[in-house]
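So the structure is just underneath, and the comments pick up after that.
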Amino acid sequence: MSETRELELTCEGMTYGPDAVAHDGEGRAVFVSGAVAGDRVRAVVDREEPRWAHARATEVLELSPDRVRPACPHVGVCGGCPWGALSYEAQSRAKRGSVVDALSRIAHMGNDRAEVLVAPLVSPGKPWGYRNKVELAAVREGGRTALGMHAAGGDGVVRVKGCMLLDKAHSGAVKSVAGALSYLAGRHDVDLERVGIRVSRRTGDVEVALWGRPGPFPRAQAAKVLSDALKPTSVVRVMQKGPTKARRIAGVECLSGVGSWSEVVGSERMRVSAPSFFQVNTAGAEKLVELVMEALSPSADEEAMDLYCGAGTFTLPLARRAGFVSAVESYGPAVRDLRRNLDAAGLDNVDPIGGDAGREFPDTDADVIVVDPPRAGLAADVVVRLSEQPARAIAYVSCDPATLARDLARFEEAGVFSPVRVTPVDLFPQTYHVETVTLLERR
């Protein structure tokens, strides 16, 4: 097949990715962008490999019964909502199916066992307007800075007036920020790489984070135009050094306001600096905390461990219930946020440990453990160290079914802990991403 070869395909399902999947006349998998499961499409092949191909839908010949009119007009153009044309019911089925498939194939559990382990998908909030954060990409066009959403496929930006995923109470924030910074860029040399906007309906906080390289910057002018346009509670500048794939924070400057953003999760009020990770779905974060606490049911006479703890989303509620918590986090800004949040909450039964989970694994015997690693999952040596703990249970929070499945296979190979329940949670409607909470118990 050449790059201009056209195919007529019937899409059979959704991948764990933005595309639908079909098979050509030779039985080879074809991943189809611009289509949803159940569509019959005409598509042009734009990449071919020995065992699979990728194609771009050019015409929908027969509409899927699961295809809907997207709430956002930019679906298919902007990369933020790749599943926006798929009904929410179909999204839910596909996401649970992705978890079952990963456990079956990658963890080698087989479909029957995986189906029993994986609970129904939990949907903690609304399918639109659920995000507390969006990011605008910044590119140079004709010597000026242009702001917008990442385009589908990753090339360029799409200028939008708003984002339907952002909390509706702050729906005008994207337009206001983009307009203010475009005005600023027309009068000053503004070197930006991206702009983060965090909002909270619960606290009223609005933070604008300007990400770029160290160097001259119109600090006062940026603070003023953003204040006039949006009245944010915080404007910060985050400076990074190093190559694109290995950036490190060189400094954070507060240009106006309090210099950080706050949110309420359950009964805890947390303050988070711009570089620190925080779940973009607040209602979803609350559901994760609820599932973890229900699974572990820590008591006052027990010791807990929280690895990859971030700013303390699980550490704080653990500390309210357990006698003592060892909390490990490698990212410097998040460690500082954790300590600040513990002080604000008046919790003194936590040992916040800065460093890699493998190298700084707590020298303690935990009764219950929470792990919430990044997308890459757990390092093999961390699985070994966890399997050496006398804990009665581990709650594994994952944002990637594939690395979760790999790690569960490692736990089972170690022979100490075994998964008893995997609960998928939809923190990211209109996308293929799915969070999971897995309870592992001692055999």
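The values are calculated or read from the model by the stated rules, or taken from the named source; none is laboratory data. Remember, it's a predicted structure, so these values are computed and weren't measured experimentally. We place every Cβ from the backbone using ideal geometry, glycine too, and count neighbours over all the protein chains shown.
Among the residues of the stretch 61-71, is there at least one that is under 21 Å from the mean Cα position of the chain (by Cα) and surrounded by fewer than 19 Cβ atoms within 10 Å (Cβ to Cβ)? Among the residues of the stretch 61-71, not one is under 21 Å from the mean Cα position of the chain (by Cα) and surrounded by fewer than 19 Cβ atoms within 10 Å (Cβ to Cβ), which makes the answer no.
Please tell me if Ala35 is touching a strand residue (DSSP E or B) at 6+ places or on another chain (Cβ under 8 Å), assigned to a strand (DSSP E or B) and within 20 Å of Tyr432 (Cα to Cα). Against the criterion (touching a strand residue (DSSP E or B) at 6+ places or on another chain (Cβ under 8 Å), assigned to a strand (DSSP E or B) and within 20 Å of Tyr432 (Cα to Cα)), Ala35 does not qualify.
Tell me which of these Leu184 doesn't satisfy, since it passes every other one: (1) in a helix (DSSP H, G or I); (2) touching a Pro at 6+ places or on another chain (Cβ under 8 Å); (3) not assigned by TED's automatic domain parsing to the domain that holds Ser256. Just one mismatch for Leu184, condition (3). Evaluating Val122 against the criteria (1) farther than 30 Å from Ser418 by Cβ; (2) buried (at least 17 other Cβ atoms within 10 Å of the Cβ); (3) not basic (Lys, Arg) leaves one unmet condition, (1).
Looking at this structure, is Gly110 in contact with a helix residue (DSSP H, G or I) (Cβ under 7 Å, 6 or more places away or on another chain), more than 30 Å from Arg194 (Cβ to Cβ), surrounded by fewer than 20 Cβ atoms within 10 Å (Cβ to Cβ) and of a type outside the set (A, V, I, L, M, F, W, C)? Working first, answer last.
Details: in contact with a helix residue (DSSP H, G or I) (Cβ under 7 Å, 6 or more places away or on another chain): yes; more than 30 Å from Arg194 (Cβ to Cβ): yes; surrounded by fewer than 20 Cβ atoms within 10 Å (Cβ to Cβ): yes; of a type outside the set (A, V, I, L, M, F, W, C): yes.
Criteria met by Gly110.
Checking Glu12, Glu49 one by one, the residue that is of a type in the set (D, E, K, R) and either surrounded by 17 or more Cβ atoms within 10 Å (Cβ to Cβ) or free of Cβ contacts under 8 Å to residues at least 12 places away in the same chain (or both) is Glu49 and no other.
The residue that is nearest to Val190 (Cα to Cα), among those in the stretch 219-243 that are exposed (fewer than 15 other Cβ atoms within 10 Å of the Cβ) and basic (Lys, Arg), is Lys241. Taking the listed residues Val174, Val160, the one that is touching a residue at least 40 places away in the same chain (Cβ under 8 Å), part of a helix (DSSP H, G or I) and touching a Cys at 6+ places or on another chain (Cβ under 7 Å) is Val174, with no other qualifying. Per the listing Ala55, Ala94, the residue uniquely surrounded by 21 or more Cβ atoms within 10 Å (Cβ to Cβ) and under 23 Å from Pro124 (Cα atoms) is Ala94. Restricting attention to the stretch 102-137, the residues that are assigned to a helix (DSSP H, G or I) and either assigned by TED's automatic domain parsing to the domain that holds Val238 or under 30 Å from Cys78 (Cβ atoms) (or both) add up to 1. Residue count for the stretch 45-85 satisfying the condition of being at pLDDT 95 or above, among the aliphatic types (A, V, I, L, M) and under 23 Å from Ser171 (Cβ atoms): 2.
Every condition in (1) at pLDDT below 95; (2) under 30 Å from Leu165 (Cα atoms) holds for Arg443 except the one numbered (2). With the checklist (1) within 27 Å of Arg131 (Cα to Cα); (2) free of Cβ contacts under 8 Å to residues at least 60 places away in the same chain; (3) buried (at least 22 other Cβ atoms within 10 Å of the Cβ); (4) of a type in the set (A, V, I, L, M, F, W, C) in hand, flag the one item Val350 doesn't pass. Val350 satisfies every listed condition except (1). Evaluation of Lys287 against the conditions (1) surrounded by fewer than 20 Cβ atoms within 10 Å (Cβ to Cβ); (2) among the charged types (D, E, K, R); (3) under 30 Å from Thr364 (Cα atoms) shows that the sole unmet condition is (1).
Would a scan of the stretch 320-329 turn up a residue that is within 18 Å of the chain's Cα centre (by Cα) and assigned to a loop (DSSP other than H, G, I, E, B)? No, because not a single residue in the stretch 320-329 is within 18 Å of the chain's Cα centre (by Cα) and assigned to a loop (DSSP other than H, G, I, E, B). Taking the stated definitions as given, is Leu210 out of contact with any strand residue (DSSP E or B) (no Cβ under 8 Å at 6 or more places or on another chain) and either under 23 Å from Val280 (Cβ atoms) or without any contact (Cβ under 8 Å) to a residue 60 or more places away in the chain (or both)? When the stated conditions are applied, Leu210 does not pass them.
Is there a residue in the stretch 189-209 that is at pLDDT below 90, in a loop (DSSP other than H, G, I, E, B), of a type outside the set (Asp, Glu) and surrounded by 15 or more Cβ atoms within 10 Å (Cβ to Cβ)? Yes. Just to be sure I understand the filter: pairs with C-beta atoms under 7 Å, separated by 6 or more residues or on different chains, first member in the stretch 392-416 and in the same structural domain as Gly284 (by TED's automatic domain parsing), second member part of a helix (DSSP H, G or I) and surrounded by fewer than 18 Cβ atoms within 10 Å (Cβ to Cβ). Which pairs pass? Matching pairs, first to second residue: Arg410/Ala380; Ala414/Val384. When the stretch 139-157 is limited to residues that are free of Cβ contacts under 8 Å to residues at least 60 places away in the same chain, in contact with a helix residue (DSSP H, G or I) (Cβ under 9 Å, 6 or more places away or on another chain) and hydrophobic (A, V, I, L, M, F, W, C), the one that is surrounded by the fewest Cβ atoms within 10 Å (Cβ to Cβ) turns out to be Ala146.
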